[in-house]
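Asker: A single structure is presented below for examination.
The values are calculated or read from the model by the stated rules, or taken from the named source; none is laboratory data. Just so we're clear, the structure is a prediction, and the values are computed from it rather than from any experiment. Positions of Cβ are backbone-derived with ideal geometry, glycine not excepted, and every protein chain shown enters the neighbour counts. Keep in mind that these areas ignore ligands, DNA and RNA; they rest on the heavy atoms of the full protein, side chains included. Shrake-Rupley method; radii C 1.70, N 1.55, O 1.52, S 1.80 Å.
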Amino acid sequence: MTTADRPLVIHTIAELREFVRSRRERGASVALVPTMGALHNGHLSLVERAAGLADTVVVSIFVNPLQFGVGEDLERYPRALDADVEALGGHGAAVVFAPSVDEMYPNGPSLTRVTAGPVGSLFEGATRPGHFDGMLTVVAKLFNIVQPDVAVFGQKDAQQVRLVKQMVLDLNLPLRIEVAPTVREDDGLALSSRNRFLTSDESTVALVLSKALQAAADSAPKGAAAARDAAHAVFANEPGAVLDYFEIVGADTFQPVAEGVSGPAVAIVAASVGATRLIDNRPIDLG
């Protein structure tokens, strides 16, 4: 990778704001890709999507403590800034914003928080209380710091995407949200920073998530109940995975759909394989 391909790394809010200001003075549009690092090809696809939407791409890398609860894997979460910057070379990122916790929260955890509302207490929010409030708070801070024209998120984190879109709408934030498709391994496993914690055998077991989503999609023309039943049958045949939830939710509401509802929906799933918790989802069409 040449120096020209390598994104600039900035650690302070003041420096990043000056960088963005200088780009805007030249008429450049700006895209933001928020990440917590440990980048994989799924993240790189978001950066490439952003590069097609704006002149300047900012990739944030920040492991946000506000979205980790007691007993969660904040300390275990992988941090590899040098490798991440290296991986970003040639994919269109102009700058990496990698602040410290003290830079983002100089007076300790924010007293002012963005609350996720009813959808934020469901599914991932039920399993991880406060997670989405912490996520929205740091995303709002990043939007305010960067002031992008567009921000790119991945479909894999479907509930997060739904809540970020709602925040942008509710708070009249002047940017648009673009959602890029989930990137998968050839065997169907959704790319995730947590996949690195899986053993070879556990990676095979983890395919139950994508297989259950496929079964739900195949049965979706018969209705929501049939789709749920098909997915649960897949999990019943894989004792190595512990199902947290499988649900069919409305594409716009993110609430469980009632039997008899037809049209676009999203099948969502979370399960633990060994010590690793995984999530996945798939758009489906209910008959």
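Asker: Along the positive direction of the dipole of region 1-131 (beta-carbon charges: Lys, Arg +1; Asp, Glu -1; about the Cα centre), which of Pro109, Phe68, Leu122 reaches farthest?
Answerer: Going by the Cα projections, it comes out as Leu122.
Asker: Let me ask something else. Using only the Cα atoms of region 168-287, build the gyration tensor, take square roots of its eigenvalues as a ≥ b ≥ c, and label the shape rounded, prolate or oblate: rounded if a/c is under 1.5, else prolate if a/b is larger than b/c, else oblate.
Answerer: oblate
Asker: For the chain, which whole percent of the accessible surface, found with a 1.4 angstrom probe, sits on carbon and sulfur atoms?
Answerer: Answer for the chain: carbon and sulfur cover 52 percent of the accessible area.
Asker: A further question on this structure: Only one of the values [x] 243; [y] 212; [z] 134 was calculated from this structure for volume of the Cα convex hull per residue in Å³; name its label.
Answerer: [z]
Asker: Something else about it: Is the C-alpha gyration tensor of region 66-209 telling us rounded, prolate or oblate? Criteria: a/c under 1.5 is rounded; beyond that, a/b larger than b/c is prolate, otherwise oblate.
Answerer: Since a/c stays below 1.5, the shape of region 66-209 is classed as rounded.
Asker: In square angstrom, what is the accessible area per residue of region 63-189 with a 1.4 angstrom probe?
Answerer: Accessible area per residue, region 63-189: 47 Å².
Asker: Compute the separation of the alpha-carbon centres of region 185-209 and region 52-83 and state it in Å as a whole number.
Answerer: The distance from the Cα centre of region 185-209 to that of region 52-83 comes to 20 Å.
Asker: Another question, if that's okay. Mark the label point 7 Å from the Cα of Ala80 along Cα→Cβ and return the residues of region 183-214 whose backbone N is within less than 14 Å of it.
Answerer: Under cut-off, by backbone N: 192-198.
Asker: Give the longest segment of the chain that steers clear of GluC sites (Glu not before Pro) in DSSP loops with at most 16 neighbouring Cβ atoms within 10 Å, not counting the sites themselves.
Answerer: 76-184
Asker: What order do Thr127, Thr115, Thr276 take when sorted by accessible area (1.4 Å probe), most exposed first?
Answerer: Thr115, Thr127, Thr276
Asker: Also, quick follow-up: What is the Cα centroid distance between region 212-234 and region 252-280, reported in whole angstrom?
Answerer: Using only Cα atoms, the two centres lie 11 Å from each other.
Asker: Ok, one more. Determine the percent antiparallel among the DSSP beta bridges restricted to the chain, to the nearest 5.
Answerer: Around 50 percent antiparallel, to the nearest 5.
Asker: Here's something else I'd like to know. In debye to the nearest 20, how big a dipole does region 8-180 give about its Cα centre with +1 on each Lys and Arg Cβ and -1 on each Asp and Glu Cβ?
Answerer: With only Lys, Arg, Asp and Glu charged at Cβ, the dipole is about 420 debye.
Asker: Using a simple charge model, +1 on the beta-carbon of Lys and Arg, -1 on the beta-carbon of Asp and Glu, nothing else, what dipole does region 195-286 show about its Cα centre, in debye to the nearest 20?
Answerer: 100
Asker: Let me ask you something else. What's the lysine pair count for the chain at a Cα cut-off below 23 Å, pairs eight or more apart or interchain?
Answerer: 5
Asker: Hey, another quick one. If r is the Cβ-Cβ distance from Glu18 to Glu259 and R0 is 45 Å, what FRET efficiency results, to the nearest 0.05?
Answerer: E between Glu18 and Glu259, to the nearest 0.05, is 0.20.
Asker: On the full set of protein chains, 1.4 Å probe, figure out the accessible area of His11 and give it in Å² to the nearest 10.
Answerer: The value for His11 is about 90 Å².
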